[in-house]
Amino acid sequence: MRFKSFSFKWWWHGLAEDLYEDCKKKLHDLEETERRKGHGWETPKENLPHGWYSVGMKSLNEGKEQVLGPYCCIWESPQHRNIRSRYAGKIFHRYISLIPPIVATLGGLCGFASFFMQWLCK
């Protein structure tokens, strides 16, 4: 990932970028199996497997501007939701695992600042 300048948003995303990419790859592999069967994004819902539907066609019918989601999927299905929820849990755990080091660092900085302020006041 390239940065023009530091931003908290990109730093936060970069912490789990590998998980986002793995999720995107699994979703595209799942979609590729349907494409090999001859189903495109314009395939009627009746001709798709149970629970599958085209995100593009649904968004066109609803008048949404954004056709594809953050993982650039053209399909939505129970399998897609399962993959996304599995990776959402992994991403959440990675972000949560950062709390103890951040709290320890902030506590150390506050302790050092307290010591320094008491030393100046004497």
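The numbers here are math on the coordinates, done by the rules we state, and not lab data. Remember, predicted model here, so these are calculated numbers, not experimental data. Counting neighbours? That spans all protein chains shown, and the Cβs are built from the backbone with ideal geometry, glycine included.
Structure above, values below:
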read-out: Selected from G89, S54, L30, residue furthest toward positive end of dipole (segment 8-121; charges at beta carbon); value: G89
read-out: Which of Y95, Y87 has the fewest Cβ neighbours within 10 Å, and the rest in rising order; value: Y95, Y87
read-out: 5 Å-binned pair-distance histogram of segment 8-121 (Cα, whole percent); value: 2, 10, 15, 15, 13, 10, 8, 6, 5, 4, 4, 3, 3, 2, 1, 0
